[in-house]
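Student: Quick one: this structure, given as structure tokens, is what I'll be asking you about.
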Amino acid sequence: MKFAIRLLGVLIFLLGILLLVQPEIIFAWMEDHQESSWLYVSAIVVRIVFGVLLIIAAKASKHPLVVKGFAYLAIIAALIFLFIGKESFQEFLSSIIPHLKSYDIMIGVIAMLLGCFLFYTFSGNRNLKNK
């Protein structure tokens with residue numbers, strides 16, 4: 001379980017680097033697929049799986065409360081997407097993408113920090129004792 005979350009941290013970190021280096025790749029992909037049903041379903045399923053995975057593994061982390069906070073945030077976002085429906089999700093996505101482009105560097109840095117945090121908090125032993 002810890003390995004899967006550390007791998008997820010590495011992937012988030014790499015996406016952050018991509019946002020810093022070539023953000024147009026991610027934004028073009030989002031614009032090209034914003035009308036597809038699978039993106040809507042994936043946005044919900046990935047957040048729920050990510051949230052549940054983090055809740056289950058939180059005790060094994062160095063910062064279980066922070067990890068649970070991220071988990072609940074992901075689940076709440078998934079539920080919001082579920083309740084607003086596909087059409088509203090697509091409208092939201094199409095309206096927010098132009099605004100996100102202005103903050104690509106900041107979003108990339110935040111993604112890199114989140115990836116590093118996930119990797120760090122699930123690596124090593126939580127109960128290290130002072131010598």
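Just so you know, all these numbers are worked out from the coordinates, no wet-lab data involved. Worth saying up front: this structure is predicted, and the values here are computed from it rather than measured. When we count neighbours, we look across all protein chains shown, and the Cβ atoms used for this are built from the backbone with ideal geometry, even at glycine.
Student: If one takes the longest principal axis of the Cα atoms in the chain, at what angle in degrees, from 0 to 90 and to the nearest 10, does the Cα axis of helix 2-21 lie?
Tutor: 50 degrees
Student: Distance in nm between label sites at Glu31 and Leu73, each 7 Å beyond Cα in the beta-carbon direction?
Tutor: 2.8 nm
Student: Below 8 Å, C-alpha to C-alpha, sequence gap of six or more: please give me the relative contact order for the chain in percent. Don't jump to the answer; show the numbers that get you there.
Tutor: Numbers: 132 pairs, mean separation 64.5, N = 131.
Averaging sequence separation for qualifying contacts and normalising by length gives 49 percent for the chain.
Student: Using only the alpha-carbon atoms, how far is helix 104-121 inclined from the longest principal axis of the chain? Give it as 0 to 90 degrees, nearest 10.
Tutor: That helix lies at roughly 30 degrees to the long axis.
Student: Here's another thing I want to ask about it. As an exercise, use a Förster radius of 35 Å and the Cβ-Cβ distance of Glu87 and Ser123 to find the FRET efficiency, rounded to the nearest 0.05. Spell out each step's value before the answer.
Tutor: On the way: r = 42 Å, r/R0 = 1.19.
Computed FRET efficiency for Glu87 and Ser123: 0.25.
Student: Okay, next question. Take the alpha carbon atoms of the chain, find their radius of gyration, then divide it by 2.2 N^0.38 Å using N residues; give the quotient.
Tutor: On the way: Rg = 16.2 Å, N = 131, 2.2 N^0.38 = 14.0 Å.
Expressed relative to 2.2 N^0.38 Å, the Cα Rg reads 1.16.
Student: Same structure again: Tell me which of Trp29, Ile48, Gly108 sits at the most positive position along the dipole axis of the stretch 2-121, charges placed on C-beta atoms (Lys, Arg +1; Asp, Glu -1).
Tutor: So the residue we want is Ile48.
Student: What's the magnitude of the charge dipole for the chain around its Cα centre, counting Lys and Arg as +1 and Asp and Glu as -1 at the beta-carbon? Answer in Debye, nearest 20. Numbers along the way, then the final one.
Tutor: Details: 11 positive and 7 negative charges, 257 e Å.
That gives the chain a dipole magnitude of about 1240 debye.
Student: Of the lysine pairs in the chain, how many meet both conditions: Cα atoms under 15 Å apart, and a spacing of 8 or more in sequence or different chains? Don't jump to the answer; show the numbers that get you there.
Tutor: Details: Lys2/Lys59; Lys2/Lys62; Lys2/Lys68; Lys59/Lys68; Lys62/Lys129.
Close lysine pairs found across the chain: 5.
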